[in-house]
Each structure stands twice: as structure tokens, then as C-alpha cells.
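Student: Can you read through this structure? Questions will come right after.
The values are calculated or read from the model by the stated rules, or taken from the named source; none is laboratory data. What you see is a predicted model, and the numbers here were worked out from it, not measured in a lab. Quick reminder, even Gly has a Cβ in these numbers, built from the backbone with ideal geometry, and neighbours come from all protein chains shown. Protein only, heavy atoms only, side chains kept; ligands, DNA and RNA dropped before computing areas. Shrake-Rupley method; radii C 1.70, N 1.55, O 1.52, S 1.80 Å.
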Amino acid sequence: MNQLSNLSITLKQRPIGIPNNDNFSVNRSLVGEIEENQILIKVIYLSLDPYMRGRMSDVKSYAEPLKIGEIITAESAGIVIQSKSEKFKPGDYVCCRSGWQEYFISNDKDPMTYKVNPDLVPLSTYLGVCGMTGRTAYFGLMKEAMPVAGETLVVSAASGAVGSIVGQIGKQIGLNVIGIAGGKKKCEYVVDELGFDKCVDYKSDSFDKELESAVPQGIDIYFESVGGMVTEAVSKFFNEGSRAPICGYISNYNAKDLSKVKTPFHIFGAMKNPPKHKFFLVFNHYASFDEANEYLINGVKSGTLKYREMIEDGLEKAPEYFEWLFTGRNFGKLIVKVSDI
């Protein structure tokens, strides 16, 4: 019998507003025995992402809400330490949908459990630029927006994990790229480090005027991750034939009454000539995962795709770190280091 002790974090009560420690329970239990065609994974890095907030609410969405007492959903990167599978062996590095816990037993047929190679790029990047985050950026721009060289692309949350990749890909394919970010430091990073043409600070008192000045030819593509007042401002400058792939709208996620929230769908729907828009999921493009993975890994290896990670220690502090996503404290991809490699 396994004598490994597994720390896990479960949903104690549904958050009202921004989640805090009171919404979570920290638990310890023994790791069970693996069965045929199963593997035991030791989690090394855990991804924290805004979509998790939606799963904590008991509202209709593209995915079932978490149940009270259920381990918080999340993707992680780790190492196989036990195997009764012909597909995986101890020592293999993998990504999996472990949730917020130290150990995870996976069936070897689970499509969300797959091998990765930390000799190509750092293991943590498989949760960010070379993982689901990067694929979201790639598919949202290349497959959903269908960009044409010379067009103007505006990227919300431009210094964030997804937006930073969207803008860099846009520059590589010949777009005029304008970022929107919060604060001088983040805006400078977006232009000076990531190579965007301009970046507008949404916290500025003159945000609307600065945005208008940044898009003299109007907006052809708007990559939506924020919602709220940013979307309201952007909506004034869409060109005919514009597109707005919707990755998310983080400004609305902590609303106390989601039924009263003015989402990007409401904002665009009220326009006389709205952009072509829809909410997309990375799994809509599952058949093209290899294409995206090759592009992203080669970009990191060659240095043509820059990324920023914020890696914080300690799974037990994941609820505290999770709050940062909604207060702007994080800068770049937010990752929890659960254990040593």
C-alpha cells in the first residue's frame, strides 16, 4: 500500500466576489494504489488561471461547476513515479489535469495526460507559453480571427500569459499590434520587451483618448480577455469586417450577480455593426495541437517568443496566489511550485 501523503485543496464554499482562503479546505489523505493502465504522477508545477473562478460558481457554463468538497480543477506538470501502463514509465515527464493536489492517479487513455520534454524547453513553460495558454493565443488569433498582414490587432490584458503571446504572434505575421495593460510598468514591458507597436494604460484618466490616438486606422481584430470598460472603449473603433475572438472576460468573473453583468456579448450585440465574435475553447482546435505545439516550442527555443513567469512556492498557498489573478498583482503566467523536480 502507498504510504504517500497527498495534500489537496477542495472547494469549501462558493465565493462571493473575489475568492479568499475561506472558500477552500486543505486536506491530507493517503495516496491510493494504482490499477492496470494507470500511472501515479507527482505534481511539480501547478497552473493558476482565471477560468477556474467560473468553475467555482454554480452557474451554467461550458463546463460543469465544481461540487462542494471537490478538488479545484487545474492543469499541472509533473513526473511519473509509478506505472502499470505500457504507454508511460517512471521518469516520464507529463502534463495532466490533476487539480490542486500533490499526487494524481491518471488513466493512460486520458487525453489530458500527455508526455512533455523538459530538455526542449523548461518544464514550467508547458503550462504557459508552450501549453494550454500558448495554444489559446495561437488558435484564438490564427484560427478564429483569421488575420491578414497589415491589419490592426488590439490585445487586452497584453502583459498577461495569453495576451503577451497573441501580440508577439501578431507582430511575426505582419500585424500592427496595440496592447492594453494596467500601469506604466506593464505597458513598458509590452512595448520594450515584447515588441508591440504601442500599449495603452487602461488605468489612465485619459484611456479613451489614448486608445483613439493609438488606432488611427481603426481596429480589425480585438482579442478579448477582459470585458467591462475596456471592451466598451474598444467597441467605438471597430472597422467593417472586424473580428473579436473571446477568450474570456476576467473583469466580470467576480460579479456577485452574474445575471446582471454586461458581458462582451451584450456590448457587441448592442452595436449597429458588431464585429464577428464568439467565445472559443482551445479544444475546438484539438486536431491542430501538434501544429501549435511545434510553433510555440520552436519560438521559445529560438528566443523569438518571449515569456514571463511568476512561480510561487507552496501548494497550500494556492488560494492566496489565486486572488492575485483578479487584483493585478501577478505579472505574467502564474504558476505554483508544488515540489522539486
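Student: Pairing rule first: another cysteine's C-beta must sit under 4.7 Å. Under that rule, which cysteines of the chain stay single?
Tutor: Cys with no partner Cβ under 4.7 Å: CYS95, CYS96, CYS130, CYS247.
Student: Note down the relative contact order for region 66-144 as a percent, whole number, built from C-alpha pairs under 8 angstrom at least six residues apart. Working shown, then result.
Tutor: Values: 93 pairs, mean separation 19.1, N = 79.
This gives 24 percent for region 66-144.
Student: As a test of understanding, state the convex hull volume per residue of the chain from its alpha carbons, in Å³.
Tutor: Spelled out: Cα convex hull of the chain, divided by residues, is 131 Å³.
Student: From the Cα gyration tensor of region 229-341, with a ≥ b ≥ c the square roots of its eigenvalues, which class applies: rounded if a/c is under 1.5, or else prolate if a/b is larger than b/c, or else oblate?
Tutor: Working: a/c = 2.33, a/b = 1.34, b/c = 1.74.
Verdict is oblate for region 229-341.
Student: Can you give the log10 of the normalised intensity I(q)/I(0) at q = 0.09, 0.13, 0.19 Å⁻¹, computed with Debye over equal Cα scatterers of region 117-269?
Tutor: -0.27, -0.56, -1.17
Student: Still on this model: Working from Cα positions, state the angle (0 to 90°, nearest 10) between the long axis of helix 163-172 and the longest principal axis of the chain.
Tutor: With both axes taken from Cα atoms, the answer is about 60 degrees.
Student: Once all Cα-Cα distances of region 110-189 are split into 10 Å bins that start at 0, what whole-number percent is in each one?
Tutor: Histogramming region 110-189 at 10 Å steps yields 18, 42, 29, 11, 0 percent.
Student: Anyone know which of THR327, THR231, THR73 comes out most mobile in the 10 Å Cα GNM of the chain?
Tutor: Fluctuation is largest for THR327.
Student: Using 10 Å bins from zero, what percent of all Cα-Cα pairs in region 32-159 falls into each bin?
Tutor: Distribution as computed: 12, 34, 32, 17, 5, 0 percent.
Student: Please report, largest first and rounded to whole Å, the three semi-axes of the ellipsoid equivalent to region 262-314, where each semi-axis is the square root of five times an eigenvalue of the C-alpha gyration tensor. Present the calculation step by step, with values, prior to reporting the outcome.
Tutor: Working: eigenvalues 211, 67, 33 Å².
Semi-axes from the Cα gyration tensor: 32, 18, 13 Å.
Student: OK, next. Roughly to the nearest percent, how much of the accessible area of the chain is carbon and sulfur, given a 1.4 Å probe?
Tutor: Carbon and sulfur together cover 49 percent of it.
Student: What relative contact order, as a whole-number percentage, does region 157-278 give when Cα pairs under 8 Å and 6 or more residues apart are counted?
Tutor: On the way: 184 pairs, mean separation 22.6, N = 122.
It comes to 18 percent, rounded to a whole number.
Student: Which percent, to the nearest 5, of DSSP beta bridges fully inside the chain are antiparallel?
Tutor: 55 percent
Student: Ok, one more. Relative contact order for the chain: what is it in percent, counting Cα pairs under 8 Å that are at least 6 residues apart? Each step should come with its number before you reach the end.
Tutor: Numbers: 722 pairs, mean separation 61.3, N = 341.
RCO, the chain: 18 percent.
Student: Shape of region 205-289 from its Cα gyration tensor (a ≥ b ≥ c, root eigenvalues): rounded if a/c is under 1.5, otherwise prolate when a/b > b/c, or oblate? All intermediate terms of the calculation are to be shown ahead of the outcome.
Tutor: Values: a/c = 1.78, a/b = 1.16, b/c = 1.53.
Here region 205-289 falls in the oblate category.
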